[in-house]
Amino acid sequence: MSIVQEELSLKDRVLQLKEEKNAVILAHYYQEPEIQEVADFVGDSLELAKKAAATTADIIVFAGVHFMAETAKILNPSKKVLLPDLKAGCSLADSCPPEAFQKFIDQYPDHVVVTYINCSAEVKAMSDLVCTSSNAERVINSIPADKKIIFAPDKNLGKYLIGLTGREMLLWDGACIVHEAFSLDKLIDLSIEYPKAKIIAHPESESHILQVANYIGSTSGMLNYVKTSDYDFFIVATEAGILHQMQMDVPHKTLIPAPAKEDNTCACSECAFMKMNTMQKLYDCLEKETPEIILDENLIKKAHRPIKRMMEL
């Protein structure tokens, strides 16, 4: 490394390297603030999928978790897709192993298979449609009323969608440990302490949390709700990483993370997988162009179909 490079901050070196390599950095809202600040685009799963599909960059660096980087590769098979830490997985995706899911859907051959984007490429390849929390209702409503539906892997989102659409669905028994970590008792105590605060929640949360929420929506939906709402106090029931962007959008409003069952340093619910990516790992993967997401060509083709159908909707 040259003396000039040593004098540059890690942030500046990342930005310089990104420019030199015609790379784009896509980051999820749950990433550390410093990573969000160097990203070309910060968004939720649907927004990031759209950006990945439209990019003209030679290299995509996905600051998120494994299934998100896989989705970017499926949408850009000819581009190099990097993930700062290959071990950045997802408890929800892990709750739906491909072999077990294949056996499950084989039992119901007359069902339309809809999978939440938080799943592996292999599970996507078994699906008829993929959805995100932003467009799940629209995707479900696009299926003819006489068709039976399997929904996987998130049982909490599935239960919420059954109530929203009135459709009966066979649910896979999967869940996100981050969104199942919220304590109802602590949440009620917090709402008593802040009686003017509106509770906003992600639909991956458990039913008892959603029942007390004033607003339920995707990550981007929650951000928009806080921005456009006349209220000034919010208790936020999703991964605490969203608070960085949310506070920038509404610096004059008070945002309180919903409390987790477990007592921890932030008194909130954080995704350990999302936090595995660091600025140093981001720089290293850009410099060395590794670790790279490699997927079988046939798997890419199969997984692309249900994603394409979602994008068309």
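One table, with the values for the structure above:
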| item | result |
| --- | --- |
| Spin-label pair K50/L10, simplified geometry with 7 Å Cα→Cβ offset, distance in nm | 3.2 |
| Listed residues G64, I74, A49: farthest to the positive end of the dipole of segment 34-87 (Cβ charges) | I74 |
| Theoretical FRET efficiency, 1/(1+(r/R0)^6), r = Cβ-Cβ of K21 and E193, R0 45 Å, to 0.05 | 0.40 |
| Sequence-distant residues sharing a close amide H with I216 (under 5 Å, placed H) | A201 |
| Cα extents of the chain along the three principal axes, largest first (Å) | 63, 53, 32 |
| Those aspartates and glutamates that a straight Cα-Cα span of less than 12 Å connects to K275, excepting residues fewer than 8 apart in one chain | E32, E34, D85, E239 |
| Residues with amide H under 5 Å from that of L170, placed H, sequence gap 5 or more | I149, I150, F151 |
| Cβ-based charge dipole, segment 185-313, positive-most Cα from M274, T254, P203 | P203 |
| Listed pairs K18/K124; K18/K103; K11/K50; K80/K227 exceeding 32 Å between Cα atoms | K18/K103; K80/K227 |
| Ordering of 248-261, 107-120 by burial proxy (mean other Cβ atoms within 10 Å per residue, highest first) | 107-120, 248-261 |
| Those aspartates and glutamates that a straight Cα-Cα span of less than 14 Å connects to K302, excepting residues fewer than 8 apart in one chain | E70, E122, D128 |
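Rule-based calculations on the coordinates, nothing more; no lab input. Quantities reported herein were computed from a predicted structural model and do not represent experimental measurements. Please note: Cβ atoms are built from the backbone with ideal geometry, for glycine as well, and neighbour counts cover all protein chains shown.
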